[in-house]
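Novice: Have a look at this one.
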Amino acid sequence: MNIVQFGGDKMNKVVTSKEAILDVSRNIAATQGLKAINMRNVAKECNVAVGSIYNYFPSKGELITATVESIWLIIFHNTHDCLRFKNFIECIEWLYQQMLRGTKEYPDFFFIHSDAFEKENKELGKQEMLKYFEHMYQNLHTVLRQDHLVKRHIFDDSLKEEDFIEFVFSNMITALSHRQASCQVLIEIIKKVIY
């Protein structure tokens, strides 16, 4: 390994990959929270100069965005579960368990996206979070429509499918914020309403 002595610190001349930086950033997010991610912390943990991080991520905002995206992928896409659901309830149970697992591995991940970004990038943080939430809404909507046991007549102008999904999702987030092991009460309510 090429080592260069500078100011008493030993630093690698180069980082092996963008993924290595993201691994370190995810570790910081898991152990210290998203707010602790910055160029200096990541460079220190990678054992490289700060400039090496800038070669891969031109700004702190881009580093945090890439880290958040990679965490979303780990929580929801790196699973061995079959992502075909028999019904809406099965989907809700799976989604809640994935989110719960995510909050155990990355504390407060679902609650502080925008806070991790600097002032000028807070809107970017909100947009990233909403992008992923929208993806989940769309998937929930698809599963709801494919569930043949759902009483379709309950949805009308006073209760739209989109509003129902937003209600379900916001209650899942509330259950997560209270560290509930399941969202069983919500599931019972869903059963009584749609089946």
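Novice: Can you tell me the length gained on complete extension of the stretch residue 55 to residue 93, counting 0.36 nm per residue apart and subtracting the Cα distance?
Specialist: That works out to 9.5 nm of additional length.
Novice: Near the amide H of residue 109, under 5 Å away, which other amide H atoms are found, from residues 5 or more places off or on another chain, if H is placed in the peptide plane?
Specialist: none
Novice: Determine the sum of side-chain charges near residue 103: Lys and Arg each +1, Asp and Glu each -1, restricted to other residues whose C-beta is under 15 angstrom from that of residue 103.
Specialist: Combined, the nearby Lys, Arg, Asp and Glu give +2.
Novice: Between beta-carbons, use under 13 Å as the cut-off and find the net charge around residue 162, counting Lys and Arg +1, Asp and Glu -1.
Specialist: -4
Novice: Another question, then. Quick one: what are the phi-derived ³J(HN,Hα) couplings along region 53-69, Karplus 6.51/-1.76/1.60 with θ = phi - 60°, whole Hz, x for glycine and proline?
Specialist: 5, 5, 4, 9, 10, x, 8, 4, x, 5, 5, 5, 4, 5, 5, 4, 4
Novice: Determine the alpha carbon to alpha carbon distance for each of 104/131; 86/192; 60/131; 44/104; 35/191; 86/131 and list only those over 29 Å.
Specialist: Too far apart for the 29 Å limit: 35/191.
Novice: Oh, and also: Sorted by packing (mean other beta-carbon atoms within 10 Å per residue), highest first, where do 184-191, 30-37, 153-160 land?
Specialist: 30-37, 184-191, 153-160
Novice: Right, here's the next one. Could you give the length gained by full extension between residue 189 and residue 23, i.e. 0.36 nm per residue of separation minus their alpha carbon distance, to one decimal place?
Specialist: 55.8 nm
Novice: Using θ = phi - 60° and the Karplus curve 6.51 cos²θ - 1.76 cosθ + 1.60, what whole-Hz ³J(HN,Hα) does each residue of region 153-167 get, with Gly and Pro shown as x?
Specialist: 5, 6, 8, 8, 5, 7, 9, 8, 4, 4, 5, 4, 5, 4, 4
Novice: Find how many whole Å separate the alpha carbon centroid of region 160-195 from the alpha carbon centroid of region 83-106.
Specialist: Region 83-106 and region 160-195 have Cα centres separated by 12 Å.
Novice: Could I have the simple spin-label model distance between residue 180 and residue 151, label points 7 Å from Cα toward Cβ, reported in nm to one decimal?
Specialist: 2.2
Every number here is computed from the coordinates shown, using simple stated rules; none is lab data. Please read these numbers as outputs of a predicted model, since none were measured by experiment. Cβ: placed from backbone, ideal geometry, glycine included. Neighbour counts: every protein chain shown.
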